[in-house]
1. So which residues in region 297-311 are modelled with pLDDT of 85 or more and exposed (fewer than 14 other Cβ atoms within 10 Å of the Cβ), if there are any at all?
2. Please work out which residue is farthest from GLU409 (Cα to Cα), limiting yourself to region 185-205 and to residues that are surrounded by 15 or more Cβ atoms within 10 Å (Cβ to Cβ) and among the hydrophobic types (A, V, I, L, M, F, W, C).
3. Inside region 246-262, can you point out the residues that are under 27 Å from the mean Cα position of the chain (by Cα) and of a type in the set (S, T, N, Q)?
4. Filtering region 411-439 down to residues that are more than 21 Å from PHE252 (Cα to Cα) and free of Cβ contacts under 8 Å to residues at least 60 places away in the same chain, which residue is surrounded by the fewest Cβ atoms within 10 Å (Cβ to Cβ)?
5. Here are some conditions: (1) surrounded by 17 or more Cβ atoms within 10 Å (Cβ to Cβ); (2) farther than 29 Å from ALA124 by Cβ; (3) of a type in the set (S, T, N, Q); (4) touching a Leu at 6+ places or on another chain (Cβ under 9 Å). THR290 meets all but one. Which one does it not meet?
6. Just a yes or no: is a residue in region 262-285 more than 30 Å from ASN418 (Cα to Cα) and β-branched (Val, Ile, Thr)?
7. Would you mention how many residues in region 206-216 are under 26 Å from SER156 (Cα atoms) and exposed (fewer than 15 other Cβ atoms within 10 Å of the Cβ)?
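The values are calculated or read from the model by the stated rules, or taken from the named source; none is laboratory data. Bear in mind the structure is a predicted one, so any value in this text is a computation, not a measurement. Cβ atoms come from the backbone with ideal geometry, glycine included; neighbour counts cover every protein chain shown.
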Amino acid sequence: MRLNFLSVSFLLSSSSFFARLQQAATAHAFARSRVMTLVAFSALLACAGAGAQTLDELRAAARNNHPAIKSARLGVDAAGKEVDAASARYLPSLSIVLEGGGKDLVAEPSRYLRLEQNVWDGGATAAGVDLAKQSAELARSRVPEQEQDIDLQVISAWQTLQSANGRVVVADRLLKLLSDHEAMMTRRVQSELSTQVELQLVQAQVMQAGLDRRKALLNASLAKLRLEQLTGIEGLRNTLSSPASEGVPERFAAEAQAFQGTDWAALANRQPTVRRAEKELLAAQSRIETKRSELRPQLYARVDRGLGSGGTTAAFVGVRYSTGAGFAASSEVDALIARAASLEGARDAARLEVLQAMLNDANEIQENLQRYKSLVVSVESARQIHESYVRQFTAAKKSWLDVMNAMRELSQNEYALNDVQHNFFGLLKRLRVYAAQQP
């Protein structure tokens, strides 16, 4: 509850009220110019991101250009204006009233200016201001949530692009090796040292490697298109190179190992999705108090000034009380309480979902690290076996089918190694995004 005592002289003086209106108009013009400045600055940043090549540059461009983030930021400005509007309800309201006569329906209607001020409203105005502030906090919490969501989408597209580029490199290396095998087998067939079937075996693998390369190029093209959509940079698919990573340096492996000591439950509470859900719950609780304050009576002071000749001035003090249409105000409070309980459950569900996602990534990155180390050994072993089989084939100790089987195993291991190492880097970047959230 809030008491707001105003002197009668303030109620009777309208000059200060119109001065406040003029100040409000000036503030509105300033806010509008600030919004236009922000829009122009965003356009400048969008142009600056046209040469983005690294992941950090793409993430920065997406944060500046993506419509969802822009919408969330504009929502913050709108929520701030709602706080100003709610605070303005402490001021008196000015209105023009036109009313008809009582018994004589043809009598000239009365016309007057009315200045009304709530002296005591049961805390309704204070509750409205608190609700507006909680709504502003909720709007602000949506900005980092959208930024994190876009960050993760950019990282996913970047991971797909690098993995596809790595597969192209692997396919090119395999095609060169297979081309040598095909040339050798062609000569042997022409010399009648080998059969046509053996040539067809190597040609089949050449065809498969070519298909794998074309599929990787298509995936890379789709990933670039996705990054272009996320960042808002036109023509990015024609300028982005993003060479594939080669190997996992020890410092990244050590960083991944360090995540094992993370307090994931505490980190989950700091994630933007959980914080936004918490702000939604607080806003719902403020809405309950606002609706409850509407059930209390209001004490107000009013001054009416007649218009036209012989107009008089009259001052009143009164009490106003409303139960709502069909006594619905109490039922609305109950509905809001149930809604708040639902939002509390939604907050807990969001925390569990975020926690599970982080734990899955943390476990998967450890599995990827171990699998990467195993595949490095497997690729080197498969390469040595293949080279050995080629030498033994020329010495008539191994069949060409054995050579092709060794080649197929080498191909599978190289593709698997490429996918695992790029999946590792994607998971590491995701965990960095999660860990970057401050308490």
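1. PRO297
2. Looking at residues that are surrounded by 15 or more Cβ atoms within 10 Å (Cβ to Cβ) and among the hydrophobic types (A, V, I, L, M, F, W, C), I get VAL189.
3. Selection gives GLN260, THR262.
4. GLN412
5. For THR290, the failing item is (2).
6. Scanning region 262-285 turns up at least one residue that is more than 30 Å from ASN418 (Cα to Cα) and β-branched (Val, Ile, Thr).
7. Final tally of qualifying residues: 4.
To keep it simple, each residue is scored yes or no on (1) farther than 24 Å from LEU175 by Cβ; (2) modelled with pLDDT under 95; (3) among the hydrophobic types (A, V, I, L, M, F, W, C).
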{"residue": "SER331", "(1), (2), (3)": "yes, yes, no"}
{"residue": "ASP348", "(1), (2), (3)": "yes, no, no"}
{"residue": "ASN360", "(1), (2), (3)": "yes, no, no"}
{"residue": "LYS373", "(1), (2), (3)": "yes, yes, no"}
{"residue": "VAL377", "(1), (2), (3)": "yes, no, yes"}
{"residue": "ALA395", "(1), (2), (3)": "yes, yes, yes"}
{"residue": "MET404", "(1), (2), (3)": "no, no, yes"}
{"residue": "GLU414", "(1), (2), (3)": "no, no, no"}
